[in-house]
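Report on the structure given below.
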Amino acid sequence: MAMRQRLDMRQSQSLVMTPQLQQAIKLLQLSNIELAEFVEAEIEKNPLLQRAEGSDGDGPGDSQAASSDGGDLRLDDASGLNEAREALDAPSEDVFEGGTGSDVPQAAAGAGPSAATDWSKASSGKGGSEDFDFEGSLTSDVSLNAHLHNQLNLSGLTGADRLIASRLVDETDEGGYCRADLPETAEILGADLADVERVLGICQGFDPTGVMARSIPECLALQLKERDRYDPAMAALIDNLDLVAKHDLKKLREICGVDQADIMDMLGELRALTPRPGASFAGDATVAVAPDVFVRELPSGMFAVELNSDTLPRVLMDKAYYAEVSALPMRETEKEFITDCAANATWLIKSLDQRARTILKVASEIVRQQDAFFAHGVAHLRPLNLKQVADAISMHESTVSRVTSNKYMSTPRGLFELKYFFSAAIPSTGGGEAHSAEAVRHRIKVLIERETVADVLSDDQIVEILTEYGIEIARRTVAKYRESLGIPSSVQRRRRMRQSA
C-alpha cells in the first residue's frame, strides 16, 4: 500500500481549558487560608484590585466597584437548591427539617483574633494599658534546635568536636531524636566514626534528658540512667517494648527475672518517662481550622446553613481608577496591560462569587442528606457518595470532590470536614436501607467501651451482635474498623483489664 501525504479539513468540538477556567477550578479546591494567600497575591500584582473595607463590603466613595462578598449568600427557602440569586446581599436562609433535635442549639461561632498591642500606649508614663503584660513581651517561644545550640555554645567543645556536634544538632527532629546516619556523617565531615559517636554521647547529656537519642529504647535508657534506675532488669524491659505494648506480663517476668510486684513497679516507672523529649519546645505553628460553613439548629428543630463570611475574601475592582487610567494617552503595551488587569479582576470577583455559591450548594445538600446525623448523632449517619450529591445539585462529581476538599463545617455536634459525611455503604441483613461505614465503626466502638473483665467481645461476637442490629458485615471488616480506631485485640483488652482490676 502506497504512503502519501494529504491535507484534510475537519470540524470537531473540544473543551479548551482557558486560564480563567483553570483559575476557577483551582479556587474551588483551595482552603480558606490558601484562598486568602492567593487573593493577597492577586491584589499585589493587579493595580485595579483592592480589598473591600468594612463589614458590608462597600469600597471607597467613588469606586463603584463590583465586590465578592459571600457573607450574606443564602439559598432560597422555597426552592431549596435552585440557582442562587444574582444579588449576594439579599439575606435569606436555607432551612432543613431535621427531626427532633436539641431544644438548645450550641453556639458555633469561634472567638476572633485578639487585638494587636498598641505600642504607643505601652510606654512608661500616662496612657499605659492596664492589660499590658510586660513580662509576656520579654518572652518568646524557643525551638528545640535553638535550645540545643545554646547549650552547645556553653559546652566547651571546640574545633572538630564543635563542628560534629553542630551537625548532629541540626539532624535532630522536633521530637528530640537524632536522625543522622553516623557513618555517613563521619564520611561527610572527614572525621572518625569513634569521634562522632563520642560527641553524640556528649550531646545526649544536653537538656531535656533523653534528647538526641536514635531510638525510643535509647531515649528511655538515657532518662533512666539520669534517675539511676537503669539496672539489668530495666534494660531487659526496654529491649522488649513490643511485649510491653501487648501487656504480656508473664513473658516480661521471665525475661527480666522479677516477680509480679516488681514488674508492675517497673512498668509504672516506664510510664513516667517521655518518648518525645522535644515535644515541649516550640515547633511549627499549628494553624487553627476555621469553618467554611455554619450549621445552626433552629428552635423548630430545623437546620439553617450559612457561609462563614469571615473566611471569604472581599475584593473590589476600582472602576473609577480604571476609567481615569484608560483616559490617559498610553502605548499599546500599556493599554493591553490595563485591559488584562480589568479582565482578570472581573473574572476573579466572579470566580470568588461562584466558589461561595458552590460551597453553600454542596454543604446544603449534605445537610439535607444527613439530617438524621444532625438530629440524632453519628449512629444515624447515612451512606453517601459524591455522585448522589452531584446528581441532586446538577453538578459534576469532580466539582463536588474539589469543593469538599479542605472545607470544614461547624455544627452543633462539632467541627467536621465535609468529606466526613461521605461514607461507604454496609448492606443490611434484611435487604433494607444500607448502613454507613462510619456509623458501623461507631457502633463497634460503643460495644467495646461497654465491655467488662468478664465479658470481652471477640471480633466474631461483634459480628453476631451487629447482625442482630441488621448489619451484614464480615469478621475481617470488623477487625479492620477496630484497628482503624486504635483498639487492640480482645486478648490484649482482656489482659489489660485484668491488670488494672
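Overview of values
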{"read-out": "Contour excess over end-to-end distance, with Cα ends at THR452 and THR346 and 0.36 nm allotted per residue", "value": "31.7 nm"}
{"read-out": "Trypsin sites (Lys or Arg not before Pro) within the stretch 174-269: DSSP coil, no more than 16 neighbouring Cβ in 10 Å", "value": "ARG179, ARG214, ARG227, ARG229"}
{"read-out": "Among ILE263, LEU193, TYR177 - extreme Cα towards positive end, dipole of the stretch 144-271, charges at beta-carbon", "value": "ILE263"}
{"read-out": "Ratio Rg/Rh, restricted to the stretch 366-432 and using Cα atoms, in which Rh is the Kirkwood radius", "value": "0.98"}
{"read-out": "Charge-dipole axis of the stretch 296-356 as Lys and Arg at +1 and Asp and Glu at -1 on Cβ define it, positive-most pick from VAL315, VAL305, PHE337", "value": "VAL305"}
{"read-out": "Length added when fully stretched, ASP192-ARG476, from 0.36 nm per residue minus Cα-Cα", "value": "97.0 nm"}
{"read-out": "The stretch 144-271 - convex hull of the alpha-carbon atoms, volume per residue in Å³", "value": "113 Å³"}
{"read-out": "Globularity ratio of the stretch 424-500, using Cα Rg and 2.2 N^0.38 Å", "value": "1.12"}
{"read-out": "Distance between modelled label sites at SER12 and GLN492, nm, 7 Å Cα→Cβ extension", "value": "5.6 nm"}
{"read-out": "Inter-probe distance in nm under a simple model that places probes 7 Å from Cα toward Cβ, at GLU324 and ILE216", "value": "6.6 nm"}
{"read-out": "Computed label-point distance, nm, for sites VAL142 and ALA236 using a 7 Å Cα→Cβ extension", "value": "4.1 nm"}
{"read-out": "Added length on full extension, which subtracts the Cα-Cα distance from 0.36 nm per residue, GLU37 to ALA379", "value": "119.3 nm"}
{"read-out": "Cα Rg, Dmax (largest Cα-Cα span) when computed across the stretch 360-501, Å", "value": "17.5, 58"}
{"read-out": "Only Lys, Arg (+1) and Asp, Glu (-1) charged, at Cβ; the stretch 321-378 dipole about Cα centre in debye", "value": "280 debye"}
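Here, each number is a calculation from the coordinates, and none is a lab measurement. Please read all numbers here as calculations on a predicted model, not as lab measurements. Neighbour counts run over all protein chains shown; Cβ positions are idealised from the backbone, glycine included.
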